[in-house]
Amino acid sequence: MSTPLEDYALLSDLRTGPLVSRDGSIDWLCLPRFDSAAVFCAVLGDEDDGRWKLSAVDGEVVERRYVPQTFVLETIWRTPTGTLRVTDLLPPGTGRADLVRRVECLDGSAQIQHDLRLRFDYARATPWVRVVEHAGSPALLSLAGPDGLLVTGPQLTWAGAEDEGGVRHDAAEQPGAFAGTDDGGEAGARAPRLTGTFRLEEGDVLDWDLTWFPSWSDLPDPVDVDQALAETLELWSGWSARVTVETDHAAVVLRSLLVLRALTHSETGGIVAAPTASLPEGIGGERNWDYRFVWLRDAALTIEVAVAHGLTEGARLWRDWLLRAVAGDADDEYSWGLQKSLLRYCEVNLERQDHGIWEMRGDVHYFTHGRAMMWAAFDRGVRAVEQHGLDGPVERWRELREVLREEIDSRGFSTEVDSFTQTYDGTDVDASLLQLPHTGYLDYDDPRMLSTVARIESELLDEHGLLHRYRTDTGIDGLEGEEHPFLICCFWLVEQHALSGRLDDAEALMDQLVGYANDLGLLSEEYDPGAGRLIGNFPQAFSHLGLIRAADAIAAARRA
């Protein structure tokens, strides 16, 4: 991967999430779902691993932006002779899997370059490719096993011709040539590649559409691009209008909420941790994970911030997904039966050690944060009975809640270092301890919490004021190498400062962290301050929900 993560934009149809680079290359695309195999995989390798690039000849990008409150991306190219606008979108809510790209000449005249390299199964399968007649126009059909892709647009119009829209093509080029085949073009390409160059005059418009479909089914109908664009803008702007944001960081909070919505599958309600896989925490290292799945941890925190901003629909969708995923009772409106089952599971497994919130690959332990989460589970069970009149063994839950509190206070807090600790009877700290007040276990300004924060800052802050999750040199996670500062942990520190009386420190760190987002307001999992680079899977739900909570905490502290 040679393109920095911060150069990428996210598109969304609420079912998948491709990445588009600043120079117009779609380098990551999984169809039709987040967890499908990639058809464009250049973000993990190079251009021969699949991409779709549209770029102006002799041009430079002078602006890119999302149409406000949407995931419709506009990129403005300026050339010596004219200006082009490229609009990229995935139409949501259609039941299809379409990627739409529109090129418009805003003034003068300019040329657009087209480079399409279709791959399947993470570039492990080369598709069969042929030109077919479709709805009265030529289209490119690609098939590989169960997957089919249909590309429609002017890429198959021969040089020197003028299509029905009056768009003129460079007579020196063959827009329909397949490079690396007998049709001519560059030799040595690993698989077929469709290239072309098109000249546009002011007012000219070119539209492309790439559609996934099951290879055994009929070819999909063409996309009405004007209608798709209008409906996509309406869907996203309508959703954004329902969001409540009352902070000084309203723009980045709204964009973060939009990211969380984009990572929520519209049909199932499942919330993926990120739309990408295997983007490394360290280049060349082994800390590489696939985040295109639903972590209950990440999703629950996402729902929490969504509800805080008036977005209850997503919470219901996710609850329904959870009930289906674990075979809960769909008729249980409040999912109370599921919650009681989970509390029974906690009770049965009360003495089991685990791998902690960070899913350590090393030995199991009693992680203090995990024990506090079990305390919180029984506490919420007690409150559900006491405050909402639900049924349950409340006396037993009170007893277990008290057992856990006594245990955490005696074994999860070290008087030797005056701090809560990563594991029972230890002395190391962990950024997850910053979540203890959020669970309700103790107040943000409790003396034990303040001394814990002081130790966390002493042990886990780097020279840039950024927070690591834990010390990797202890070997506790069972992995080689190191990792970079973890952005959600940094936002947790903002929250802690804001709600414990250190508002100036909270605001300063918040401004620093917001500055790490790219020009479109997107954040990855980690940040490399030495290189000034976003690192890890991108964009990351964890980081964006942390940003929202931190902004909300600052706003709450100011109101207090």
The one condition in (1) in contact (Cβ under 8 Å) with a residue 40 or more places away in the chain; (2) among the small types (Gly, Ala, Ser); (3) out of contact with any Asp or Glu (no Cβ under 6 Å at 6 or more places or on another chain) that ALA377 fails to fulfil: (1)
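Do you know which of the residues in the range 68-83 that are assigned to a loop (DSSP other than H, G, I, E, B) and in contact (Cβ under 8 Å) with a residue 40 or more places away in the chain is surrounded by the fewest Cβ atoms within 10 Å (Cβ to Cβ)? Quick ask: steps written out before the conclusion?
So the first thing to find is which residues in the range 68-83 are assigned to a loop (DSSP other than H, G, I, E, B), and the list is 68-72, 79-81.
Remaining after also requiring in contact (Cβ under 8 Å) with a residue 40 or more places away in the chain: 68-72.
Values: PRO68: 13, GLN69: 18, THR70: 20, PHE71: 27, VAL72: 22.
Restricting to residues being assigned to a loop (DSSP other than H, G, I, E, B) and in contact (Cβ under 8 Å) with a residue 40 or more places away in the chain, the top hit is PRO68.
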Restricting the search to the range 429-468, which residues are assigned to a loop (DSSP other than H, G, I, E, B) and either in contact with a Lys or Arg (Cβ under 6 Å, 6 or more places away or on another chain) or under 30 Å from GLY515 (Cβ atoms) (or both)? VAL429, ASP430, TYR444, ASP445, ASP462, GLU463, HIS464, GLY465, LEU466, HIS468
Over the range 108-145, the set of residues under 27 Å from the mean Cα position of the chain (by Cα), part of a loop (DSSP other than H, G, I, E, B) and farther than 15 Å from THR211 by Cβ is ARG119, ASP121, TYR122, ALA123, ARG124
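Condition check: β-branched (Val, Ile, Thr), under 30 Å from THR474 (Cα atoms) and crowded, with 16+ Cβ neighbours inside 10 Å. Does VAL417 satisfy that?
Values: β-branched (Val, Ile, Thr): yes; under 30 Å from THR474 (Cα atoms): yes; crowded, with 16+ Cβ neighbours inside 10 Å: yes.
Yes; evaluated as a whole, the condition is true for this residue.
Listed residues GLY362, GLY356; which is touching a strand residue (DSSP E or B) at 6+ places or on another chain (Cβ under 8 Å) and assigned to a loop (DSSP other than H, G, I, E, B)?
Values: GLY362 fails: touching a strand residue (DSSP E or B) at 6+ places or on another chain (Cβ under 8 Å).
Unique residue meeting the criteria: GLY356.
Test SER256 against the criterion of being surrounded by fewer than 22 Cβ atoms within 10 Å (Cβ to Cβ), part of a helix (DSSP H, G or I) and either in contact with a helix residue (DSSP H, G or I) (Cβ under 6 Å, 6 or more places away or on another chain) or touching a residue at least 24 places away in the same chain (Cβ under 8 Å) (or both), and give yes or no. Explain how you work it out, then say what you get.
Working: surrounded by fewer than 22 Cβ atoms within 10 Å (Cβ to Cβ): no; part of a helix (DSSP H, G or I): yes; either in contact with a helix residue (DSSP H, G or I) (Cβ under 6 Å, 6 or more places away or on another chain) or touching a residue at least 24 places away in the same chain (Cβ under 8 Å) (or both): yes.
For SER256, the condition - surrounded by fewer than 22 Cβ atoms within 10 Å (Cβ to Cβ), part of a helix (DSSP H, G or I) and either in contact with a helix residue (DSSP H, G or I) (Cβ under 6 Å, 6 or more places away or on another chain) or touching a residue at least 24 places away in the same chain (Cβ under 8 Å) (or both) - is not met.
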Can you say whether ALA110 is among the hydrophobic types (A, V, I, L, M, F, W, C) and either more than 30 Å from SER217 (Cα to Cα) or touching a Leu at 6+ places or on another chain (Cβ under 7 Å) (or both), as far as the supplied structure shows? yes
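Return yes when GLU495 is outside any loop (DSSP other than H, G, I, E, B) and closer than 12 Å to VAL429 by Cβ and no when it is not.
Working: outside any loop (DSSP other than H, G, I, E, B): yes; closer than 12 Å to VAL429 by Cβ: no.
It is false that GLU495 is outside any loop (DSSP other than H, G, I, E, B) and closer than 12 Å to VAL429 by Cβ.
Only one of these is of a type in the set (Lys, Arg) and surrounded by fewer than 20 Cβ atoms within 10 Å (Cβ to Cβ): ARG65, ARG51. Name it. Full working, then the answer.
Values: ARG51 fails: surrounded by fewer than 20 Cβ atoms within 10 Å (Cβ to Cβ).
Only one candidate passes the filter, namely ARG65.
Results for (1) more than 27 Å from ALA517 (Cβ to Cβ); (2) of a type outside the set (Ser, Thr, Tyr), shown as yes or no for each residue.
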| residue | (1), (2) |
| --- | --- |
| PRO32 | yes, yes |
| ASP48 | yes, yes |
| GLU63 | no, yes |
| PRO68 | no, yes |
| THR81 | yes, no |
| PRO91 | no, yes |
| LEU99 | no, yes |
| LEU106 | yes, yes |
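Restricting attention to the range 259-270, and to residues there that are of a type outside the set (D, E, K, R) and in a helix (DSSP H, G or I), which single residue is nearest to LEU522 (Cα to Cα)? First the steps, then the outcome.
The first filter runs over the range 259-270 and keeps only residues of a type outside the set (D, E, K, R), leaving 259-260, 262-266, 268-270.
From what's left, in a helix (DSSP H, G or I): 259-260, 262.
Numbers: VAL259: 8, LEU260: 11, ALA262: 12 Å.
The residue in question is VAL259.
So, of the residues in the range 35-45 that are more than 19 Å from GLU526 (Cα to Cα) and surrounded by fewer than 23 Cβ atoms within 10 Å (Cβ to Cβ), which turns out to be farthest from the chain's Cα centre (by Cα)?
First, pick out the residues of the range 35-45 that are more than 19 Å from GLU526 (Cα to Cα): 35-42, 45.
Now drop any that are not surrounded by fewer than 23 Cβ atoms within 10 Å (Cβ to Cβ), which leaves 35-37, 45.
Details: ASP35: 13, SER36: 15, ALA37: 17, GLY45: 20 Å.
Residue satisfying both the conditions and the ranking: GLY45.
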Looking at (1) out of contact with any helix residue (DSSP H, G or I) (no Cβ under 6 Å at 6 or more places or on another chain); (2) under 24 Å from CYS490 (Cα atoms); (3) outside any helix (DSSP H, G or I), find the lone condition where GLY370 falls short. (3)
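None of the figures in this text is laboratory data; all of them are computed from the coordinates on show. Since the model is a prediction, treat every value here as computed from it, not as a measurement. All Cβ positions, glycine included, derive from the backbone under ideal geometry; neighbour counts span all protein chains shown.
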